[in-house]
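Asks: Below is the structure I would like to discuss, written out as structure tokens.
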């Protein structure tokens, strides 16, 4: 599965070739550096480790600085492994650019960490519909979960019952997005529709397996 | 430069004719019907211009069969084949929503004095 590391820049809209006005998310894909090549003999599986986005060396752990030095590159912020991704003749320290890996019009999956929503109730978190109307004497249960179990027989609440709690800030894969446009000179990729996470957060763009 | 602006900038066609609120415009809009394409004309007063980049739009109001009709066009839409400005009205505000309340003679705009 080939892919790249990018950073969400924000949303805007453009006109495509047919003249349709479509919403796009702008993702910055700086050239990704190959920092490790995992092989069948050595690691038991094939993978390519990519790194992207500059980070000051003083903010990077010594172990990672050494790791980047092996690939002869400066310190990077994000390190991600892509399994079974082996372009021909790839070497340590190679730079992969958006136009090398992605194609305009191709379908991709975008993986990111969603926006954190804090502590949320069951209506937002699990899509419960609440307890119905406001009338018939009901006064304070509009967004309540309803019953969470039986009576004195189990005399406890089962594990895994959906309740309120921390929401968002989790890994999300947005499937079947379309790459609308690639701007190689400014390292930008335009993806149709939305992409998980807030502006400035790292996202991974995966080519869909054929 | 801000990277988002970089993308938005590419969508701005500087050759498009400027449209301002208060203008009476005739728009030749290309309409797709199945395979065929034809031109549809729409004439009215611009009552609103909003947004920026590809997201910039303007609203054109006209009275059709005694019913007020408003249509929103993307400012830089490639579907606008031709845009004629029939009149430039003299106005004192950017949004002419008050025209919705007015009918007939009261809903006219004075011509802008030419500079």
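The numbers here are math on the coordinates, done by the rules we state, and not lab data. Quantities reported herein were computed from a predicted structural model and do not represent experimental measurements. Counting neighbours? That spans all protein chains shown, and the Cβs are built from the backbone with ideal geometry, glycine included.
Asks: Kirkwood hydrodynamic radius for segment A:97-142: how many Å is it when counted over pairs of different Cα atoms? Please list the in-between numbers first.
Replies: Numbers: mean 1/r = 0.0653 Å⁻¹.
Mean inverse Cα-Cα distance, inverted, gives 15.3 Å.
Asks: Counting pairs of Cα atoms in segment A:99-210, how many percent are more than 20 Å apart?
Replies: Taking all Cα-Cα pairs of segment A:99-210, the fraction more than 20 Å apart is 61 percent.
Asks: Within 10 Å of each Cβ in peptide B:3-11, how many partner chain Cβ atoms are there on average? Round it to a whole number, please.
Replies: For this peptide, the per-residue mean of nearby foreign Cβ atoms is 6.
Asks: Relative contact order of chain A, please, whole-number percent, based on alpha carbon pairs below 8 angstrom and at least 6 residues apart.
Replies: Result for chain A is 31 percent.
Asks: If you average the alpha carbon positions of segment A:53-86 and of segment A:134-151, how far apart do those two centres end up, in angstrom?
Replies: Segment A:53-86 and segment A:134-151 have Cα centres spaced 53 Å from each other.
Asks: So if I take the alpha carbon set of segment B:48-110, get Rg, then get Rh from the Kirkwood formula, what is the Rg over Rh ratio?
Replies: Using only Cα positions, Rg/Rh for segment B:48-110 is 0.97.
Asks: Average projected area of the Cα convex hull of segment A:42-111, in nm²?
Replies: Here the figure is 6.1 nm², rounded to one decimal.
Asks: Can you compute the FRET efficiency between residue A:91 and residue A:115 using 1/(1 + (r/R0)^6), with r the Cβ-Cβ distance and R0 = 45 Å? Round to the nearest 0.05.
Replies: With R0 = 45 Å, the Cβ-Cβ based efficiency is 0.75.
Asks: Let me ask you something else. Need one number: nm distance between label points at residue A:74 and residue A:41, each 7 Å from Cα along Cα→Cβ, rounded to one decimal.
Replies: Here the modelled spin labels are 3.5 nm apart.
Asks: Related question: Partner chain Cβ atoms within 10 Å, averaged over the residues of B:76-86 - can you pull that number for me?
Replies: For peptide B:76-86, the averaged partner shielding equals 2.
Asks: Mind ordering B:98-109, A:122-133 by average Cβ neighbours within 10 Å, highest first?
Replies: A:122-133, B:98-109
Asks: Work the Kirkwood hydrodynamic radius out for the protein assembly as shown: mean of 1/r over every pair of different alpha-carbon atoms, inverted, in Å.
Replies: Evaluated over the protein assembly as shown, this radius sits at 24.9 Å.
Asks: Rule-of-thumb check for segment A:6-123: C-alpha Rg over 2.2 N^0.38 Å? Walk me through the numbers before you get to the answer.
Replies: On the way: Rg = 17.9 Å, N = 118, 2.2 N^0.38 = 13.5 Å.
This ratio for segment A:6-123 stands at 1.33.
Asks: Let me know the mean shielding of A:16-28 by other chains, meaning the per-residue number of their Cβ atoms within 10 Å of its Cβ.
Replies: 3
Asks: Sticking with this structure for a sec: Within 10 Å, count the other beta carbons around each residue, average over each peptide in B:41-47, B:84-90, A:179-185, and list them highest first.
Replies: Descending packing order for the listed peptides: B:41-47, A:179-185, B:84-90.
Asks: Using mean Cβ contacts within 10 Å as the protection proxy, how do A:50-59, A:35-44 order, highest first?
Replies: My ranking of the peptides, most packed first, is A:50-59, A:35-44.
Asks: What would the Debye equation give as log₁₀ I(q)/I(0) for chain B at q = 0.12, 0.15 Å⁻¹, counting only Cα atoms as equal point scatterers?
Replies: Log10 of I(q)/I(0), two decimals: -0.49, -0.73.
Asks: Using a 7 Å offset from the Cα along the Cα-to-Cβ direction at both residue B:113 and residue A:106, what is the distance between the two label points in nm, to one decimal?
Replies: Each label point is offset 7 Å from its Cα along the Cβ direction, giving 6.3 nm.
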